1. Provide His77, His50 in ascending order of the number of other Cβ atoms located within 10 Å of each residue's Cβ, fewest first.
2. Take Glu115 and Asn48, extend 7 Å from each Cα along the Cα→Cβ direction, and tell me the distance between the two endpoints in nm.
3. Within a Cβ distance under 9 Å of Leu108, other residues only, what is the Lys/Arg minus Asp/Glu net charge?
4. Could you give the nm distance between label points at Thr67 and Arg82, where each point is 7 Å from its Cα heading toward the beta carbon?
5. Cut-off is 10 Å between beta-carbons; in what order do Leu108, Leu71 appear when sorted fewest neighbours first?
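What follows is calculated from the coordinates using simple rules that are stated; it is not laboratory data. Bear in mind the structure is a predicted one, so any value in this text is a computation, not a measurement. Cβ: placed from backbone, ideal geometry, glycine included. Neighbour counts: every protein chain shown.
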Amino acid sequence: MKSLRGRAGFAFGVLALPIALSSGALAADMSDASPTVAHARMWLACENGHEYPLRPIGVSRENDLVTGYMLMTGRGHGVHMRLIPMGSGYRYAGAGVWFDGLRGNAVLNWGTPGEVPCQVRQE
């Protein structure tokens, strides 16, 4: 019985190692990112007259936003957004909302037929 528990523990350790290593690699990648970009004020300024703040969480070595929160006005909480690389441009998607863009231009989608053109701003 003792031998079986030892093997199970070893097998779990072997399975958990790649996860721990990938988490460490991700933390190392984000630690090299510019702290000013990680704490920069970013938002979508949209043609519907609203501004939607973006709070960066993870930034790549190239200072690209990888993951963050889009703070929704009226709801009081943010939607977690994650980068989805596209052929040319980008998409950040979260629960029920996403925006596509190229450089400073973006189109905000709420999952309805209407989409809102926006500009990505940063201070």
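1. Details: His77 7, His50 15.
In increasing order of surrounding Cβ atoms, one gets His77, His50.
2. Using points 7 Å along Cα→Cβ, the separation is 1.4 nm.
3. Working: positive: none; negative: Asp100, Glu115.
Neighbourhood net charge equals -2.
4. Between Thr67 and Arg82, the simple spin-label model gives 0.7 nm.
5. Fewest to most other Cβ atoms nearby, the residues stand as Leu71, Leu108.
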